[in-house]
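Worksheet for the structure shown next.
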Amino acid sequence: MSVAVLPQHSEGQEHEADAIEEEMAQVCGTLNATTGHLVSLIARALATGACEGTGIHSPEQWVAWKCGVSAGRARRLVAIARRMPELPETVSALRAGELSEDQVAMVCRHAPAHADAEVATFARHATVSQLTRTLRRYTWKPEPKKDDEEEGKPEEVERREVGFGTTEEGAWRLSALLPPDQGGLVERALEAARRALTEEGALERPTWADAFVAMAERSLGAAAASRPHHDRHLLVVHLRGDDHGAHAHLHGGPPLPDALRRLLGCDGRVRPLTEVNGVALSVGRAQRIVPERTRMAIEERDGACRVPGCERTRWLQVRHIIHWEDGGATDTANLLSLCGRHHRLHHLGELDIAGNADDPDGMVFTDAKGRQLTGCGRPAPPSEVTGTGTWRHPCGERLDSRWVHFREPQPSA
């Protein structure tokens, strides 16, 4: 028979833990209240159009640029700001420091306006996980229509989204959201690819990931060779060597492990690109059209649209800073990557571009009002803490969402 021995904590350790938790609660309350103030400022920018301007793709891009936050957090802050008029109790709790940004974001994503007060009260006592699980599964009844609501309002368009990119760990990820019929079509294609791999005996137990890769390989196989510019479907890998040996990375993507580099080097097609001191060889005035090799070098150097605040990384266009007709050379210093919107704004005279593109800090971008676009927002250190919010962490006890009920909206008389 074994007896579990629990660790003993001294009175001093318990006192220290209480002190740490109390200070953490104060910091969290201040952080929540500050986030509420930031959301209010974003709401003002949305209402007044302060987030609109030359080269601004969306309010989310403006927030990510000016606040120095990720695109995901910028979307969340803007989503909260847009629902502020509908959820005054929830936003008030955020500004008072009683709810965290994650809790409020979940309420804004799922709760209807009529349940604002009740959901805000529930959120004060629930962890983010409990709140997420409860609100996602809760069946909300549609709000009754108002008498003056327009009849024949068009139905919402079905959501169809596909996103892909690389994770912080360097892996490639994909997410998709499709209507059921179209999602079923993709699922059938995956099933067919997986069945084919099983019948061919290529893999003993092919996974869905194997089937997905097989779909891509067959799509880019024999049929791709008959398409114009069929080289564009090839996977581009940059190989370089230094004192530490050879290394590689995907074009505009993450570094590759050494094993993958050696694997791709076995039978991959090699396209050399000459560089001098890390700068791709230019062609001067000999060519107006940017050669494909130079284009890939520019895309690799820039990584995204060069306009400050723009993070577009796909469908970029390489253009001359000084136009060819004005004596500009097809040199890397005179070439830069622009997204389609900023390229068009430049030719419309609303965005001026000057400088040396080979110098990371050598470009100057000016809008139509003569204002220079800066690299990013710079947070100003606070002179003093303006106030602290009240924060009590959730109890963390088990929650049975079946016993959570919110009042339904009442029809208007």
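The values are calculated or read from the model by the stated rules, or taken from the named source; none is laboratory data. Keep in mind that what you see is a predicted model, and the values were worked out from it rather than measured. Cβ: placed from backbone, ideal geometry, glycine included. Neighbour counts: every protein chain shown.
Yes/no matrix, rows are residues, columns are (1) modelled with pLDDT under 90; (2) in contact with a Cys (Cβ under 9 Å, 6 or more places away or on another chain); (3) more than 19 Å from residue 107 (Cα to Cα):
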{"residue": "27", "(1), (2), (3)": "yes, no, yes"}
{"residue": "38", "(1), (2), (3)": "no, yes, no"}
{"residue": "41", "(1), (2), (3)": "no, no, yes"}
{"residue": "50", "(1), (2), (3)": "yes, no, yes"}
{"residue": "69", "(1), (2), (3)": "yes, no, yes"}
{"residue": "89", "(1), (2), (3)": "no, no, no"}
Quiz prompt | Tally, over the stretch 302-337, of residues that are at pLDDT below 85, within 23 Å of residue 70 (Cβ to Cβ) and of a type outside the set (A, V, I, L, M, F, W, C) | solution = 8
Practice problem: Pick out the one residue from 346, 320, 342 that is within 27 Å of residue 60 (Cβ to Cβ) and touching a Gly at 6+ places or on another chain (Cβ under 8 Å). | Solution: 342
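With the requirement that a residue be surrounded by fewer than 18 Cβ atoms within 10 Å (Cβ to Cβ) and either small (Gly, Ala, Ser) or in a helix (DSSP H, G or I) (or both), what does the stretch 76-94 give you? Talk me through it step by step, then tell me what you get.
From the stretch 76-94, those surrounded by fewer than 18 Cβ atoms within 10 Å (Cβ to Cβ) are 79, 82, 85-86, 88-89, 92; that's our starting set.
Correct list: 79, 82, 88, 89, 92.
Take residue 120 and tell me if it is in contact (Cβ under 8 Å) with a residue 24 or more places away in the chain, in contact with a Ser or Thr (Cβ under 7 Å, 6 or more places away or on another chain) and hydrophobic (A, V, I, L, M, F, W, C). So that I can check it myself, show each step before the final result.
Values: in contact (Cβ under 8 Å) with a residue 24 or more places away in the chain: yes; in contact with a Ser or Thr (Cβ under 7 Å, 6 or more places away or on another chain): yes; hydrophobic (A, V, I, L, M, F, W, C): yes.
The answer is yes for residue 120.
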Exercise. Could you please find all residues in the stretch 97-115 being surrounded by fewer than 21 Cβ atoms within 10 Å (Cβ to Cβ) and under 12 Å from residue 409 (Cα atoms)?
Key: 112, 113, 114
Self-check item: Cross-chain or 6+ apart pairs with Cβ under 9 Å, the stretch 196-220 first and assigned by TED's automatic domain parsing to the domain that holds residue 173, then surrounded by fewer than 16 Cβ atoms within 10 Å (Cβ to Cβ) and part of a loop (DSSP other than H, G, I, E, B)
Solution: 196/202; 197/203; 198/204; 198/205; 210/202; 210/203; 214/202; 220/234
Practice problem: Among what's in the stretch 170-207 and is exposed (fewer than 12 other Cβ atoms within 10 Å of the Cβ) and among the small types (Gly, Ala, Ser), pick the residue that is farthest from residue 160 (Cα to Cα). | Solution: 201
